[in-house]
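Encoded as structure tokens, the structure appears first; notes follow it.
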């Protein structure tokens, strides 16, 4: 084969966020906010579970449960919703200069001290060590185009800085 027919290696890799983690957060948020909305409707709008005599334990506990449950469920539901949106909007960019998430500080290739690929085969995770004590985790669960990213890292980081397991 001649040089013209061989595919050229890309000079930039973009890894958008994988959808699995954000979908799980959205499901959790929908469960929390949905159950809180049902409790608000049932307790406050329909007027079920009126305040009973405090000496009747079970009816009083039902009242307390339905009265305070929305205040307990809405905050974690909103946090999960925001975290799901943040996970969905993240994008990892690697180019000839370095690697980093879009909008964040980038790590120059010269700053990379070691890449730990010991669990790459089993868990599809890379640990990127940089600077004095910086560590960045690259996980296939959170990133699309992970195989292209691993190949890109192999081209831009010297082989002596990559620690592989004995099975690789």
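The values are calculated or read from the model by the stated rules, or taken from the named source; none is laboratory data. The structure displayed is predicted, hence computed values, not measured ones. Glycine gets a Cβ as well: all are built from the backbone with ideal geometry, and neighbour counts include every protein chain shown.
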Exclusive hit being in the same structural domain as residue 138 (by TED's automatic domain parsing) and either in contact with a strand residue (DSSP E or B) (Cβ under 6 Å, 6 or more places away or on another chain) or surrounded by 14 or more Cβ atoms within 10 Å (Cβ to Cβ) (or both), set 100, 84, 77
100
The lone exception for residue 48 - which of (1) over 30 Å from residue 24 (Cβ atoms); (2) crowded, with 17+ Cβ neighbours inside 10 Å; (3) touching a helix residue (DSSP H, G or I) at 6+ places or on another chain (Cβ under 7 Å) it fails:
(2)
Which residue out of 37, 21 is farther than 30 Å from residue 137 by Cβ and not in a loop (DSSP other than H, G, I, E, B)?
37
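Okay, residues lined up against (1) part of a strand (DSSP E or B); (2) at pLDDT 90 or above; (3) within 30 Å of residue 139 (Cα to Cα):
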{"position": "3", "(1), (2), (3)": "no, no, no"}
{"position": "8", "(1), (2), (3)": "no, no, yes"}
{"position": "25", "(1), (2), (3)": "no, yes, yes"}
{"position": "28", "(1), (2), (3)": "no, yes, yes"}
{"position": "50", "(1), (2), (3)": "no, no, no"}
Residues of the range 89-127 being more than 17 Å from residue 12 (Cβ to Cβ) and either without any contact (Cβ under 8 Å) to a residue 24 or more places away in the chain or part of a helix (DSSP H, G or I) (or both), in sequence order, are 89, 105, 110, 111, 120, 121, 122, 123, 124, 125, 127
Just checking, does the range 118-139 include any residue being surrounded by fewer than 18 Cβ atoms within 10 Å (Cβ to Cβ) and over 23 Å from the mean Cα position of the chain (by Cα)?
yes
Scan the range 142-167 residue by residue and report those that are out of contact with any strand residue (DSSP E or B) (no Cβ under 6 Å at 6 or more places or on another chain), touching a residue at least 40 places away in the same chain (Cβ under 8 Å) and over 30 Å from residue 89 (Cβ atoms).
165, 167
